[in-house]
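Participant: Just passing along the structure, written as structure tokens.
The values are calculated or read from the model by the stated rules, or taken from the named source; none is laboratory data. What you see is a predicted model; the values in this text were computed from it and never measured. Cβ sites come from the backbone with ideal geometry, for glycine too, and all protein chains shown count toward neighbours.
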Amino acid sequence: MSVDLTADTARPVAADSYLFTRGAAWFAYAMTMGLMVVDYIDRQVIVSLFPHLKQAWGLTDTQLGALVSVVSITVAVGALPIALIADRGSRVRSIVTMATVWSVATISCMFTRGYGQLLAARAAVGLGEAGYGSVGAALISSHFPARMRGALLAGFFAAASFGSVLGVMLGGLIAARWGWQAAFGVVGIPGLVLALAYIKVRDYRTVALTASLDRATSSPGGVLRHVAGALGRSPTLLFVCLGAAAQLVVVSSVWSWLPSFLNRVHGVAPDQAGVRAALVVLCGAIGSIAWGALVDRAGLRRPRNKLVALAALCLLSLAVLALAFGLPLVGWALTPSMQFGLIAAGGFVMTCSVGPVSAVVIDVIHPGVRATGSSVLALFQNLFGLAVGPLIAGALSDVWGLPLALAAMPLFSILAAAAFLRAGRTYEADAARAARP
């Protein structure tokens, strides 16, 4: 049984029922997925423009990496307050506002005339996107039966991968035809259209909180104290957030720098490098869905086995990517096609944690603060994962060169695996505690 999200007064509803109707749930899912695709198109379009920006403005790899990382930093900063507003107000209106802001900010990038202006515009893109993943995940989780959450959230976050595919691919192709500035204008418009259409999505009723939760979420300072307390009370939440962030360091570094790697190491033209890199991102999108279903299945007999499976998959991604980028550095002759095949295989595995970590976090969070709880995960993922990967890889590239930098980045998967194994020790107890009325 669970809290009723359709009425002002709580009444028991079946945990395996749809919130409104099957049609309303799937419409909400499709619209939320569509905006997630647009979100990541706008976020990732810049990575295939790196060669153009390096040539036009003479930027270092650290500066280029910062253009990706700044989005994740502002997402992390804005995620908690925006999720708080969404949890206590309207999820749908919050999402409409977010999509409008990030789309306008993306379009504004095409009018920048220097690095500082572009960096500021990219920061505004992240501010608009802040909280979208956590609020969208909370909305989806509330519309659908609990038994479907793991696979559905894996699909939702896989939409980020598909958006990244399109962003990486479209950026290079548009730049080759109309110039790099035009890429921002072309990809920014669909978000405005979807934002208007999203008004038709049905929202769930704001869940009444206990007195202590109501006080904790009444101000930003209270939220920060509540978050710190939640991390202290729930070891599962803390270690899942750490593991998710560590694995995303690997994902974000590969996705951000692969087009430049193909261009510099194998001499692939920037537009074609973007297309090939998009294929690796596509492998990751497919992999995140497949691994989400596998992890769900692993936890059928004993829930903690989900986290054991995640740890094993992280180590597998380390092994494959270390071979892909490391073998040529130690004298093993790999043809470009062989190396690309290994990179694609690593890309398929490295997104293994994307969907399952959100489902685990929601399992250990009170239903009334699902968006706020998910935003804790988003904060870790963005600030300590997505922001860190491109920046560290760029800085290492300036010192060691890009091939060695990309060979070193998969080592973060060891940290991810250790954190997931630690989270597995407390997952079942924390989930049982969150499920109590």
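Participant: Have a look at L231, L237 and point out the one that is modelled with pLDDT under 95 and either of a type in the set (K, R) or surrounded by fewer than 21 Cβ atoms within 10 Å (Cβ to Cβ) (or both).
Facilitator: That would be L231, the only listed residue that is modelled with pLDDT under 95 and either of a type in the set (K, R) or surrounded by fewer than 21 Cβ atoms within 10 Å (Cβ to Cβ) (or both).
Residues checked against (1) at pLDDT 95 or above; (2) buried (at least 24 other Cβ atoms within 10 Å of the Cβ); (3) assigned to a helix (DSSP H, G or I):
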position	(1), (2), (3)
V249	yes, yes, yes
W257	yes, yes, yes
Q272	no, no, yes
I289	no, no, yes
A293	no, no, yes
A312	yes, no, yes
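Participant: Determine if region 124-134 includes at least one residue that is on the phi < 0 side of the Ramachandran plot, surrounded by fewer than 24 Cβ atoms within 10 Å (Cβ to Cβ) and either among the acidic types (D, E) or not in a loop (DSSP other than H, G, I, E, B) (or both).
Facilitator: yes
Participant: Given the criterion in contact (Cβ under 8 Å) with a residue 40 or more places away in the chain, assigned to a helix (DSSP H, G or I), within 30 Å of Q55 (Cα to Cα) and among the aliphatic types (A, V, I, L, M), identify the matching residue among A138, A182.
Facilitator: Going through A138, A182 in turn, the sole match is A182.
Participant: Quick one: is I82 of a type in the set (A, V, I, L, M, F, W, C) and either surrounded by fewer than 21 Cβ atoms within 10 Å (Cβ to Cβ) or free of Cβ contacts under 8 Å to residues at least 40 places away in the same chain (or both)?
Facilitator: For I82, the condition - of a type in the set (A, V, I, L, M, F, W, C) and either surrounded by fewer than 21 Cβ atoms within 10 Å (Cβ to Cβ) or free of Cβ contacts under 8 Å to residues at least 40 places away in the same chain (or both) - is not met.
One line per residue, one yes/no per condition, for (1) crowded, with 24+ Cβ neighbours inside 10 Å; (2) at pLDDT below 95; (3) assigned to a helix (DSSP H, G or I):
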{"position": "F20", "(1), (2), (3)": "no, yes, no"}
{"position": "G23", "(1), (2), (3)": "no, yes, yes"}
{"position": "F27", "(1), (2), (3)": "no, yes, yes"}
{"position": "M31", "(1), (2), (3)": "no, yes, yes"}
{"position": "D39", "(1), (2), (3)": "yes, yes, yes"}
{"position": "R43", "(1), (2), (3)": "yes, yes, yes"}
{"position": "K54", "(1), (2), (3)": "no, yes, yes"}
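Participant: Going by the conditions given, is L415 under 30 Å from P51 (Cβ atoms) and not in a loop (DSSP other than H, G, I, E, B)?
Facilitator: Criteria not met by L415.
Participant: Have a look at A359, A431 and point out the one that is in contact with a Gly (Cβ under 7 Å, 6 or more places away or on another chain) and of a type outside the set (D, E, K, R).
Facilitator: Just one listed residue meets the conditions, A359.
Participant: Show the residue pairs meeting these rules: Cβ distance below 8 Å; 6+ apart or different chains; first residue within region 350-364 and within 23 Å of I286 (Cβ to Cβ); second residue basic (K, R).
Facilitator: Sorted first by the residue in region 350-364, then by its partner, the pairs are P356/K306; A359/R149; V360/K306.
Participant: Hey, among the residues in region 76-119 that are of a type outside the set (D, E, K, R) and assigned to a loop (DSSP other than H, G, I, E, B), which one's nearest to V193 (Cα to Cα)?
Facilitator: S90
Participant: Same structure, new question: When residues of region 249-298 are filtered for being without any contact (Cβ under 8 Å) to a residue 24 or more places away in the chain and not hydrophobic (A, V, I, L, M, F, W, C), how many remain?
Facilitator: 2
Participant: For region 117-128, does any single residue satisfy the condition of being of a type in the set (K, R) and modelled with pLDDT of 95 or more?
Facilitator: yes
Participant: Restricting region 142-176 to residues that are among the polar types (S, T, N, Q) and at pLDDT 80 or above, which is farthest from A273 (Cα to Cα)?
Facilitator: S142
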